[in-house]
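In what follows, a single structure is set out as structure tokens and then discussed.
The values are calculated or read from the model by the stated rules, or taken from the named source; none is laboratory data. All figures in this text were calculated on a predicted structure; none of them were measured in a lab. Glycine gets a Cβ as well: all are built from the backbone with ideal geometry, and neighbour counts include every protein chain shown. The accessibility values were calculated without ligands, DNA or RNA, using every heavy atom of the protein model including side chains. Shrake-Rupley method; radii C 1.70, N 1.55, O 1.52, S 1.80 Å.
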Amino acid sequence: MIDTSTPEQCTARLADSARYRTALPRIVDELAASCRDGSGYEHLAPEPIPSREATIAIIHQARKIVFPGYFTPIRIDPSTLEYYLGHETANLHEMLSEQVILAVRHNCLRYHEACSHCEERGHEAALAVIGELPRLRRLLADDVRAALEGDPAAQSIDEVIFSYPGLFAITIYRLAHALWRRDVPLLPRMMTEYAHSKTGIDINPGARIGEYFFIDHGTGIVIGETTGIGDRVRIYQGVTLGALSLPRDAGSSCRDTKRHPTIEDDVIIYSGATILGGDTVIGARSVIGGNVWLTSSVPPDTKVLLKTPEQVHLQNRGQGPGDGRREMGDGRRN
Amino acid sequence: MIDTSTPEQCTARLADSARYRTALPRIVDELAASCRDGSGYEHLAPEPIPSREATIAIIHQARKIVFPGYFTPIRIDPSTLEYYLGHETANLHEMLSEQVILAVRHNCLRYHEACSHCEERGHEAALAVIGELPRLRRLLADDVRAALEGDPAAQSIDEVIFSYPGLFAITIYRLAHALWRRDVPLLPRMMTEYAHSKTGIDINPGARIGEYFFIDHGTGIVIGETTGIGDRVRIYQGVTLGALSLPRDAGSSCRDTKRHPTIEDDVIIYSGATILGGDTVIGARSVIGGNVWLTSSVPPDTKVLLKTPEQVHLQNRGQGPGDGRREMGDGRRN
Amino acid sequence: MIDTSTPEQCTARLADSARYRTALPRIVDELAASCRDGSGYEHLAPEPIPSREATIAIIHQARKIVFPGYFTPIRIDPSTLEYYLGHETANLHEMLSEQVILAVRHNCLRYHEACSHCEERGHEAALAVIGELPRLRRLLADDVRAALEGDPAAQSIDEVIFSYPGLFAITIYRLAHALWRRDVPLLPRMMTEYAHSKTGIDINPGARIGEYFFIDHGTGIVIGETTGIGDRVRIYQGVTLGALSLPRDAGSSCRDTKRHPTIEDDVIIYSGATILGGDTVIGARSVIGGNVWLTSSVPPDTKVLLKTPEQVHLQNRGQGPGDGRREMGDGRRN
């Protein structure tokens, strides 16, 4: 890599390699020690752990089946459709059951449960999820229609399927939720966090979401674990469906309680709105305006708007270093 | 993969494979049926559809040409520059015209237009965009300078080119907009949504953006299809340049109307500000403060600031489960 | 690729290839000229520049060492631990010192400093960072515990390590900060911007962050270069720790001043809060509520809450095109 060496550089390299030869073993010993004294986290076991790469591969394999012909280099036509679907579905089943079994067994071992049924449970869960693919296909087709109707900038079905981050996140959520409903550990969250990473849309796999769901733009959306969402709901970027805060020590006690809101059918929630709390219900056909903050329920057919906050207009001239502080939207300087 | 098998596991595996052999054909038939009864979406055609991977490859290929030497393992020096540029540009033309032709023809077929000129149109568009690369290079150099001047944390031109998400998103937008101006379907949005996925910056390829544009941080920015932005404009994270809502049934009727604001030269828009509506014009040299919400025009040289909202200070002691509800920033518990 | 050609298409192709043959050389000459007249940016030098791919590979290699067994296909068990760690750490050192040397030398050359010690400095920095891995492992283990305690939806340590974007961003920040402290150019920011791209969490490598740090959801978080954060701090999505704006011409003058806030131990900052300014100090154990905007200090043990803004409730019936403007959360229409 390094092509030109002055004498100083040679000396430097020798000095360094000496330092290196003495330093490395000490560092490695320290690392190994921290794996044995429990001060760090590591997975040292004869049993393999699920693979993040394999989990992501499952997502893309499933997409090839729910939207045939969109995400494959090869061309599919009606005469070969069954062969394509049969082949890809068999592959998906194999990929999925392997990771599900790893996840189930890993969980068992970690918590010292009996393990003799891990594999069977894994196979059952995987097969059950495969069996839901036709239903998933129909659900996702409605989600595509919802996007096409909801967004005048949408130019075609193909554009929505190829490009819309909301559809991508919903596709992954629907798959992950199917695994979540069957108590498969680790994988559902790995899947939705993959969607989060790609889209900025953070949907917990435990959330319950109805048909014909449309997310526009999506960046910054958070949908919590116990959220319930009805049919034909629309949500825009930066919306949080979250939980009220709890005393610091509430910890795991609240794990199984409903902590996130319920959104009924045909509700629209505009960008930046925050809706919090397990008892909060947004009634059917209501509209929640941009940046609205809600911690209590809203009856059906209601429109909740934020009163426009007072704004100051100043002439921008002769701005000194002192003034205009309130203008900063931060970030200007980091 | 599975290395240790108890007798139970073997039985389980046998039982499962039996279930599987009977279940799979039914699932595949259902999937195939849903491809034929129009209940789902699929692309079954002798004509290939554009490829998302190939479209992303085009982006990275173009970057190697507009910023030579930054994104290539090989070293380039002045004596070999022409060879490098010639070779990479020829490759880009080939990659681009192939995908453009696929997109144009796919669109034709989908909408039953005449198709004999698809290929010619595709070639013309691809060549025209290639011809814009020198101009793109100059535009992007100004965008780099804008970042370097706008951000005290920027330590060098190299850092901006290597690392700044704003520059990445603007680079892709400028390329996608060149395709959009030539009515190339699918690809422009695929490109800007790739940028959105990588940066959280969602710029519709239809937006018109002037020179010397700087985006800082960028996550959560939304710039709508009919937005107009002048020269030397600065925008921070979380800014929305969006549309007013329309009656649910407005649907496609409003597709061709101007729905998004106009931002004149030298405007600064700080983080979290929301500016909506096709008739909204922000006059030259104005400054829009953080979190400001605007749905009407602002004259030139104006500074719009949010009046600091009232805030309550409480001693944090003896916090019971009941109080402090308003404190939650949500999310605390999902 | 193109399988069916009408006569028109052949003619078109010929016409195009003619156009192409004449157009390409002119385009390439223009591109080359713009590389020589200084109107654009390019890296033409015998010295290679650091590689973004290699820098990302370093991140993933370091993760394999700080969380052994989680991100490797192979199984590790206690008997082979030292071999695994020794091998992977030696690899990391080689990958890291190569890129550090490239970065240091590139910077030297760019600014015409003496260069004879670049390589030595690079080796020293790389080895010093490797030497910090055991400490990093302990720090990150505390970050994992903080996530497990802070999030009731967290189901296991494994889930946090596999899936939590906050932990991913913090891992990369802690590695990048170690390089930043040793004045390694380019690489630290390349690393944190990779995390930004994957998580929407933008932590400048210069920020100082204590132990037991928890970020939930994270999308949209901005933590500026001169921010200081104590121990056991929690931050939620959309929080900005930023700088006040400065006169347009402040430029680089303010580069070395403290521009971002100081957050003391045990502070919680809920989603969407914005805290700005280098003199702003949030006292220990304080709680900053959702969407709060702060540009001045807060004493210890204080809870700052936003007064719930007034909201209007309307019956949603008979919504005409004119009304309901304030409802739009934007984006509805782009």
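Brief remarks on what is shown
- Some residue of segment C:235-243 being farther than 24 Å from C:Asp151 by Cβ and either at pLDDT 95 or above or surrounded by 21 or more Cβ atoms within 10 Å (Cβ to Cβ) (or both): yes
- Checking every residue in segment B:141-150 against the condition of being in contact with a Pro (Cβ under 8 Å, 6 or more places away or on another chain) and open to solvent by 10 Å² or more (accessible area, probe 1.4 Å) gives zero matches.
- Test: residue in segment C:85-97 that is at pLDDT below 90 and farther than 30 Å from C:Asp216 by Cβ: no
- One residue alone among C:Asp29, C:Asp77 is over 24 Å from the mean Cα position of the chain (by Cα), free of Cβ contacts under 8 Å to residues at least 24 places away in the same chain and either more than 30 Å from C:His93 (Cα to Cα) or not assigned by TED's automatic domain parsing to the domain that holds C:Thr171 (or both), and that residue is C:Asp29.
- Of everything listed in (1) open to solvent by 10 Å² or more (accessible area, probe 1.4 Å); (2) touching a helix residue (DSSP H, G or I) at 6+ places or on another chain (Cβ under 7 Å); (3) charged (D, E, K, R), the single unmet condition for A:Asp216 is (1).
- Scanning segment A:84-96 turns up no residue that is on the phi < 0 side of the Ramachandran plot, within 9 Å of another protein chain (Cβ to nearest Cβ), within 26 Å of the chain's Cα centre (by Cα) and assigned to a loop (DSSP other than H, G, I, E, B).
- Selection of segment C:127-136 for residues being of a type in the set (A, V, I, L, M, F, W, C) and either more than 7 Å from chain A (Cβ to nearest Cβ) or in contact (Cβ under 8 Å) with a residue 60 or more places away in the chain (or both) yields C:Ala128, C:Val129, C:Leu133, C:Leu136.
- In segment C:239-257 there is no residue that is touching a residue at least 24 places away in the same chain (Cβ under 8 Å), over 29 Å from B:Ser286 (Cα atoms) and not basic (Lys, Arg).
- In segment A:56-81, the residue that is surrounded by the most Cβ atoms within 10 Å (Cβ to Cβ) out of those that are small (Gly, Ala, Ser) and not in a loop (DSSP other than H, G, I, E, B) is A:Ala62.
- From the list C:Glu264, C:Glu225, C:Glu211, the lone residue that is in contact with a Leu (Cβ under 7 Å, 6 or more places away or on another chain), of a type in the set (D, E, K, R) and either open to solvent by 10 Å² or more (accessible area, probe 1.4 Å) or on the phi > 0 side of the Ramachandran plot (or both) is C:Glu211.
Table: residues versus (1) buried (at least 24 other Cβ atoms within 10 Å of the Cβ); (2) outside the structural domain of A:Ile268 (by TED's automatic domain parsing); (3) touching a Cys at 6+ places or on another chain (Cβ under 9 Å); (4) without any contact (Cβ under 8 Å) to a residue 60 or more places away in the chain.
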{"residue": "A:Cys108", "(1), (2), (3), (4)": "no, yes, yes, yes"}
{"residue": "A:Ser116", "(1), (2), (3), (4)": "no, yes, no, yes"}
{"residue": "A:Ala125", "(1), (2), (3), (4)": "no, yes, no, yes"}
{"residue": "A:Ala154", "(1), (2), (3), (4)": "no, yes, no, yes"}
{"residue": "A:Val160", "(1), (2), (3), (4)": "no, yes, no, yes"}
{"residue": "A:Arg182", "(1), (2), (3), (4)": "no, yes, no, yes"}
{"residue": "A:Leu186", "(1), (2), (3), (4)": "yes, yes, no, no"}
{"residue": "A:Met191", "(1), (2), (3), (4)": "yes, yes, no, no"}
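- Checklist (1) touching a Pro at 6+ places or on another chain (Cβ under 7 Å); (2) at the interface with chain B (Cβ under 10 Å from one of its Cβ atoms); (3) open to solvent by less than 20 Å² (accessible area, probe 1.4 Å) applied to A:Ser197, failing item: (3)
- Qualifying position, being of a type in the set (A, V, I, L, M), within 23 Å of C:Val292 (Cβ to Cβ) and within 9 Å of chain A (Cβ to nearest Cβ), among C:Leu140, C:Leu244: C:Leu244
- When B:Thr227 is tested against the conditions (1) facing chain C (nearest Cβ under 8 Å); (2) closer than 22 Å to B:Phe162 by Cα; (3) not acidic (Asp, Glu), the lone failure is (2).
- The set of residues in segment C:23-48 being surrounded by fewer than 19 Cβ atoms within 10 Å (Cβ to Cβ) and either at pLDDT 90 or above or at the interface with chain B (Cβ under 7 Å from one of its Cβ atoms) (or both) consists of C:Ala23, C:Leu24, C:Pro25, C:Arg26, C:Asp29, C:Glu30, C:Ala33, C:Ser39, C:Leu44, C:Ala45, C:Pro46.
- Hey, B:Ser116 among the polar types (S, T, N, Q) and assigned to a loop (DSSP other than H, G, I, E, B) or not: yes
- Which numbered condition A:Ile203 misses (of (1) open to solvent by less than 10 Å² (accessible area, probe 1.4 Å); (2) within 8 Å of chain C (Cβ to nearest Cβ); (3) under 29 Å from A:Pro50 (Cα atoms)): (2)
- Of the criteria (1) basic (Lys, Arg); (2) under 16 Å from B:Ala126 (Cα atoms); (3) in contact with a Phe, Trp or Tyr (Cβ under 9 Å, 6 or more places away or on another chain), which one B:Arg182 fails: (3)
- Hey, A:Leu109 at pLDDT below 90 and closer than 28 Å to A:Arg181 by Cβ or not: yes
- Counted residues, segment B:274-287 - those being crowded, with 24+ Cβ neighbours inside 10 Å and aliphatic (A, V, I, L, M): 4
- Wholly enclosed helices (runs of 4 or more DSSP H) of segment B:132-239 bearing at least 1 residues touching a strand residue (DSSP E or B) at 6+ places or on another chain (Cβ under 9 Å): B:133-150, B:165-181, B:187-199
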